[in-house]
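The values are calculated or read from the model by the stated rules, or taken from the named source; none is laboratory data. If you're wondering where the values come from, they're calculated on a predicted model, not measured in any experiment. Ideal geometry is used to build each Cβ from the backbone, glycine not excepted, and the neighbour counts take in all protein chains shown. What goes into the accessible areas is simple: the full protein's heavy atoms, side chains included, and nothing from ligands, DNA or RNA. Shrake-Rupley method; radii C 1.70, N 1.55, O 1.52, S 1.80 Å.
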Amino acid sequence: MELNSQFTKTFSLEKEFGIKNAKMHYQLSPEELHEISINKGQGVEANSGALAINTGKFTGRAPKDRFIVKDEITKDDVWWGKVNMPFDPDKFDNLYNKVIDYLSGKELFVRDSYVCADKNYRTNIRVVNEHPWSNLFCYNMFLRPDNSELANFTPDWKIVNAPDFQADPEIDGTRSKNFAILNFTKKIALIGGTGYTGEMKKGIFSALNFILPTQKNTLPMHCSANVGEDGDTAIFFGLSGTGKTTLSADPSRKLIGDDEHGWTKENTVFNFEGGCYAKVIDLTEEKEPDIYRAIKKGAILENVIIDDKGNVDFEDDSITQNTRVSYPIHHIDNVQPNLVGENPKNIFFLTADAFGVLPPISKLTPGQAAYHFISGYTAKVAGTEAGINEPVPSFSACFGAPFMPLHPTRYAEMLSDKMREAGVNVWLINTGWTGGPYGTGNRMKLKYTRAMINEALLGNLKNVDFEQHEIFGLHMPKECPNVPLEVLNPKKTWKDKDAYDAKAKHLAKSFKDNFEKFEAYANDEIMAGAPKFE
Ligand code: ATP
Ligand code: MN
């Protein structure tokens, strides 16, 4: 196959990155990257046409190895701590030079792309990848400039991605051999020692989460978004596994994006990205038709089990529970063409409460909305080993603490202001357990969650009666079209009502303990949104 036929590069890897004598493949097509990955023995073709690869030792992000260079730009604004760990600028330069030496002389895959679909916020990205499939991931996930835009493309940010490079923690100042480091002065995301592709997208997300609020008066959000026939935008916040990607893919609404968005001062909501990155564990065509059908030529399946006939076993989690597929957004049928919507009319906070305590749908007051946004609750289901059935509460401020360099209250204040101005409805959706905690109850049926969201969007919950949760104070609809009445009040789904009350108190206590560090920043309205218990 003849490569590089279409584009001539207008820059030098040596001048721009310091990389010497590399064989650069610039802006290869997805077909070329697919084929090269297979020819190199780094992937196989599934019978859906998708490329199936393994990301190596890392099948998920490594948050403990994520650093931010502490410099003039970041030192006063970043909320330093366990999430945002500082990295010394000189150490960065040393490590960068080592990675560059490592990449020199190699065959490299380079791509120009951009993020932020709203043209006023467009940020150009130039990425250098050691592996062809990592470069295909960037084609899928970032926005794709057209040919005319490539002629005079200047990168705003760069990603240098060397999965097979290994750091030496003693010398390099990292915690391990792998690292993901953001440098705001040099505008570089330096990623090494891990092939997990999500590090690149979440690296750029984290950079935007600093830049947009501090420099462009725009709120970055870890949420999905779609828009209805009347142009009404809905956004869905939630931590990993709570349903952002699943629930935003809705045939009756146009998808804006599945993971990262900005809400601007011009009252638009725009996607940062140009693709989706969906979990595929237990995926079926029946339950998630849009995602299932997006898995075709061009898509990359990660860490799935595939037989020699190309059949994927989506139930097999022997490599990881976090099996994924990335695909460009046009693999979904119903997409908002410019990936920009207007002010949202409805905001959903998704949580997968494995304690089975929170109602499947409830309406939040502005105070509750702020309280739950700052709390960022979901539950993690403990290991799948026999006998371990206790879920663990997990709080991640703004439903995305690992990606938020600023203090959570800075995002929360922006969100509260924007919600007030736009007059949005805010809903809490529990996509987690009902009828008891994990181990006893069951996960809420996807079809019911979809119906609840749909009815809220259609305005069909405006005129129904609500009852208030005794401890959490949430307003739960007493009826909802297309949903069985008995699932709406969580206590009613438990056989043992005392056990429910005890669990609810236990969860409320976790909320309270977690919120202590934010109480000094919260006003009376927000504190009134907290659960109440003796
Ligand atoms: P990430 O931030 O990691 O991309 P996400 O919020 O996009 O996570 P999804 O990829 O949508 O999460 O994962 C939700 C998972 O939970 C899917 O595998 C989906 O099939 C499953 N699921 C089961 N029941 C429900 C439900 N009631 N609502 C939503 N998802 C459900
Ligand atoms: Mn997702």
> Farthest toward the dipole's positive end in the range 342-459, which of THR409, LEU358, SER375, given Cβ charges of +1 (Lys, Arg) and -1 (Asp, Glu) about the Cα centre?
Replying inline: LEU358
> Exactly which GluC sites (Glu not before Pro) in the range 201-283 are in a DSSP loop and have at most 15 other Cβ atoms within 10 Å?
Replying inline: GLU229, GLU266
> Reachable aspartates and glutamates from LYS75, Cα under 18 Å, same-chain residues fewer than 8 places away excluded?
Replying inline: ASP88, ASP90, ASP93
>> So if I place +1 on the C-beta of Lys and Arg and -1 on the C-beta of Asp and Glu, and nothing else carries charge, what would the dipole magnitude of the range 393-514 be about its Cα centre? I want it in debye, nearest 20.
In response: 320 debye
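How do the peptides 491-497, 128-134 rank, highest first, by the average count of neighbouring beta carbon atoms within 10 Å per residue?
For the peptides 491-497, 128-134, the packing ranking is 128-134, 491-497.
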> Carbon and sulfur: what percent of the range 435-505's accessible surface (1.4 Å probe)?
Replying inline: 46 percent
> Just how large is the dipole of the chain about the Cα centre, in debye to the nearest 20, putting +1 at every Lys and Arg Cβ and -1 at every Asp and Glu Cβ?
Replying inline: 440 debye
> Once both axes come from the Cα atoms, what is the angle between helix 89-103 and the longest principal axis of the chain, in degrees from 0 to 90, rounded to 10?
Replying inline: 60 degrees
> With each run of n ≥ 4 DSSP H residues scored as -39500 (n - 2.57), what mean residue ellipticity at 222 nm is computed for the chain after dividing by its residue count and rounding to the nearest 500 deg cm²/dmol?
Replying inline: -7500 deg cm²/dmol
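Please report, in cubic angstrom per residue, the volume enclosed by the convex hull of the alpha-carbon atoms of the range 381-492.
Values: hull volume 16.7 nm³, N = 112.
So the per-residue Cα hull volume is 149 Å³.
Give, rounded to the nearest 20 debye, the magnitude of the charge dipole that the range 252-323 has about its Cα centre when Lys and Arg contribute +1 at Cβ and Asp and Glu contribute -1 at Cβ.
Values: 9 positive and 17 negative charges, 102 e Å.
With only Lys, Arg, Asp and Glu charged at Cβ, the dipole is about 500 debye.
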> For the range 225-333, which trypsin sites (Lys or Arg not before Pro) are in a loop by DSSP, counting at most 15 other Cβ atoms within 10 Å?
Replying inline: LYS265, LYS287, LYS296, LYS297, LYS309
>> Please compute the per residue accessible area over the range 18-172 with all protein chains in place, 1.4 Å probe, rounded to a whole number of Å².
In response: 42 Å²
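Give me the accessible area per residue for the range 354-488, probe 1.4 Å, as a whole number in Å². Don't skip to the end; give the middle numbers.
Details: 5420 Å² over 135 residues.
Solvent-accessible surface per residue comes out at 40 Å².
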> Which chymotrypsin sites (Phe, Trp or Tyr not before Pro) from the range 343-449 combine a DSSP loop assignment with at most 13 other Cβ atoms within 10 Å?
Replying inline: none
>> Could you work out what % of the accessible surface of the range 302-404 is carbon and sulfur, using a 1.4 angstrom probe and leaving DNA, RNA and ligands out of the count?
In response: 49 percent
> Once label points are set 7 Å from the Cα along Cα→Cβ at both ALA528 and GLU149, what is their separation, rounded to one decimal in nm?
Replying inline: 4.6 nm
>> Take ALA499 and LYS106, extend 7 Å from each Cα along the Cα→Cβ direction, and tell me the distance between the two endpoints in nm.
In response: 5.3 nm
> Taking the alpha-carbon centroid of each part, what is the distance from the range 119-181 to the range 29-104 in angstrom?
Replying inline: 7 Å
>> What is the percent carbon and sulfur in the accessible area of the range 42-105, measuring with a 1.4 Å probe over the protein chains and ignoring ligands?
In response: 51 percent
> What's the tally of Lys pairs in the range 489-534 whose alpha-carbon atoms lie under 22 angstrom apart, where the two lysines are 8 or more places apart or on different chains?
Replying inline: 22
>> Quick check: the angle from helix 408-422's long axis to the longest principal axis of the chain, C-alpha only, nearest 10 degrees?
In response: 70 degrees
>> Taking the alpha-carbon distance from LYS296 and a cut-off under 18 Å, which lysines remain once sequence neighbours fewer than 8 residues away in the same chain are dropped?
In response: LYS279, LYS287, LYS309
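For the chain, what is the convex hull volume of the alpha-carbon atoms per residue, in Å³? Walk me through the numbers before you get to the answer.
Details: hull volume 80.8 nm³, N = 534.
Output value, Cα hull per residue: 151 Å³.
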> Relative to the longest principal axis of the chain, what angle (0 to 90°, nearest 10) does the C-alpha long axis of helix 30-39 take?
Replying inline: 70 degrees
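Kirkwood Rh, the range 271-347, all Cα pairs: how many Å? Could you put the intermediate results ahead of the total?
Working: mean 1/r = 0.0721 Å⁻¹.
Averaging 1/r across every pair of different Cα atoms and inverting gives 13.9 Å.
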>> Could you tell me which residue out of ILE305, HIS34, THR55 lies farthest along the dipole of the chain toward its positive end? Charges go on the beta carbon: Lys and Arg +1, Asp and Glu -1, centred on the Cα centre.
In response: THR55
